[in-house]
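Here, each number is a calculation from the coordinates, and none is a lab measurement. It should be emphasised that the depicted structure is a prediction, and the values quoted were computed from it without experimental measurement. Ideal geometry is used to build each Cβ from the backbone, glycine not excepted, and the neighbour counts take in all protein chains shown.
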Amino acid sequence: MKILRVAPALCLALTSLVSSAALAQSFGVKPGAWENTLTVSGLTIPPEVLAKMPPDRRAMVEQQLSANGGGQPQVHKRCVKQEDIDKGFTPNANSSCKIDVVSRTATKMLMNTTCSSPVASTGTMSWEAKSPELVVGNIDQDVSGRKVHIGVVGKWLGASCDGIPGG
């Protein structure tokens, strides 16, 4: 009788180990300095939220939205460590987002996201390593019924992270 009660728990544990082993495969990119170009579309703030902001804050937010959400590429440099690659680029402990890795191979990674603040959102992130030095990504979020898309192209700059944030 005891074996019958242990069997389902053992099956569950083995399934978890198999899933963990599948997700443990490292994404095939190099650690080091990366330059990421982001193009955002669909990023807006509801007019009723803007109306409640003080004029100076509203002007700053509208200026940032036009820069970030107007389809103009934003370029950021970041130091990517091997541990970032191994854990699937999950957010740090202070983040309000939860990211679940759905699948990962050496060249492709798919994740589901759920964020609680500053505005609740859900979505997907897909990444493809075209080579160890080139990554293309798509982030699609549903933010209170509004669709936001972020296209990302990441290029490896080199192994050294000197002068790069996170390095």
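Quick notes on this structure:
- All lysines inside 22 Å of LYS87 as judged from Cα atoms, apart from same-chain residues fewer than 8 positions distant: LYS30, LYS77, LYS98, LYS108, LYS130, LYS155
- In terms of surrounding Cβ atoms within a 10 Å radius of their Cβ, SER126, SER131 rank from fewest to most as SER131, SER126.
- Each other residue within a Cβ distance under 14 Å of THR107 adds +1 if Lys or Arg and -1 if Asp or Glu, for a net charge of +2.
- With contacts taken as Cα pairs under 8 Å and at least 6 residues apart, the range 27-158 reaches a relative contact order of 32 percent.
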